[in-house]
1. How large, in Å, is the stretch 135-243 by the Kirkwood hydrodynamic radius built from its alpha-carbon pairs?
2. Sketch the reach of a paramagnetic label on ARG396 as a point 7 Å from Cα along Cα-to-Cβ, and name the residues of the stretch 85-106 whose backbone nitrogen lies under 16 Å away.
3. Report the FRET efficiency, 1/(1 + (r/R0)^6), for ALA289 and ALA87, where r is their Cβ-Cβ distance and R0 is 25 Å, rounded to 0.05.
4. What label, among [x] 70, 53, 44; [y] 115, 72, 58; [z] 80, 51, 37, belongs to Cα extents along the principal axes in Å computed from the structure on display?
5. Could you give the nm distance between label points at GLU414 and ARG31, where each point is 7 Å from its Cα heading toward the beta carbon?
6. In straight Cα distance, which lysines are under 28 Å from LYS52, not counting same-chain residues fewer than 8 positions off?
7. Could you give the alpha-carbon Rg of the stretch 276-398 over 2.2 N^0.38 Å, rounded to two decimals?
8. Can you list the residues, at least 5 places off or on another chain, whose amide H is less than 5 Å from the amide H of LEU324, using H built in the peptide plane?
Amino acid sequence: MTETAVSTGTQESVEDFAARARAWLAGNMPRIDPDNPPFSVRADQESWDRAKELQKRLYQGGFAGICFPREYGGLGLDHAYQRAFNAEARCYEMPLILNTPSFTICAATILDMGSEQQKRDRIGAAIRGEEILVQLLSEPSGGSDLAGVITRADRVGDKWVINGAKTWSTSAFAGDYGLMLARTNWDVPKHEGLTMFLVPLKAPGITMRRIKEVNGNEEFCEEFFDNLELGDDAVVGKVDDGWTVASRQLFHERRAVGGGSEFASGTGAENANEMPPDHVGLAEALGRADDPFVQDLAGRALVRRAVKTQLIDHVTQAIAAGALPPTAGTLIRLFHAETTELEVDTALAIAGTAGVVDEGGDFDGMLDIGVRYLSRQTGSLGGGSSEMARNVIGERVLGFPREHAADRGVPFREVKRNKG
């Protein structure tokens, strides 16, 4: 059966679109070996500059923002067209690092919650490869309680004055604008006094520093706001209704982390740490391919990987059909995190002591399993911890009673919190 995007006003079939993409890609994008692709290093500015260059090529060729509306710079097509393009683009270099958080989280949130001007300006610039969007949510003293943010936005005349700090902001050093949650009302319960702002990251009043992780990476940043001034045009959604915006943002993040967003362009790993470990190749290299225990470990990981792919399709289609609520995207996020941990744990179990070899010897050039193990829990923290994901699934998908919260209904200024 031939698919067409009748709802978007085009009669080009998915097959014709794919054929056109195939021809354009062959003449305009660098070819790669999909099993040994060039990797973007998120901590390096050069990778982001390269991604912008590739995104500009996509835009000029008419293949950028496939699922974003036409009025905001996209093509306004159904997800089937994006999937078809992704299949054709598998053997070409793509600006994959722009997918998360710029397209799948931030631009998607602005599309749902932003003003018309914000949609036209920020989504359009991102699709054209001119700007990168990031998230400014977590705080040094906030832990996983996003609604407990204490970065404050005070109304002074016709401006909002921001003071506070954010941390663990993914790739913020490369960003142009950030979605920042701040407290605008301290006299109502914590979820009711928040406002989301769209912040220009080069504005006066912002100091940014890089964070060095245990594996040596410096992708994450922390930001300090000292009397940063913003106008009303920076408010996303409504004043004191930032939790609604943040909830939608988390919805998109959980889908993005799990690989279920229609706004992602291209597939594959953007860096070596996201490549699924080759458990079979690892076992063969270590002479353990005939070990029944190793075979069982590798088989379990491979089955889990296959189930993850099927789960993404099932949940995505069920949400689109209304059979599952939008919050069911958290199922993808949780399963992705657990699968990633299982895969890395399995690789280390197969590698044994070879997993701690740094360089040289017979294992030089192999995937650095030991270093990768140090950051194995990253996927369990993005978009909220896995424990929070289970709460979302239990309460908002399965309908279980909510857990008790001592601060529910209490004005935020009266809530006890760590003064340190």
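1. Result for the stretch 135-243, one decimal place: 14.0 Å.
2. The answer is 105-106, whose backbone nitrogens lie closer than 16 Å to the label point.
3. With R0 = 25 Å, the Cβ-Cβ based efficiency is 0.20.
4. Correct label, based on the coordinates given: [x].
5. 7.0
6. Once the sequence-local lysines are set aside, what remains near LYS52 is LYS119, LYS166, LYS202, LYS212.
7. In units of the globular-protein estimate, the stretch 276-398 measures up at 1.26.
8. For LEU324, the qualifying residues are ILE319.
The values are calculated or read from the model by the stated rules, or taken from the named source; none is laboratory data. If you're wondering where the values come from, they're calculated on a predicted model, not measured in any experiment. So basically every Cβ, Gly included, is an ideal-geometry build from the backbone, and we count neighbours across all protein chains shown. Ligands, DNA and RNA are excluded from the accessible area calculation, which covers all protein heavy atoms including side chains. Shrake-Rupley method; radii C 1.70, N 1.55, O 1.52, S 1.80 Å.
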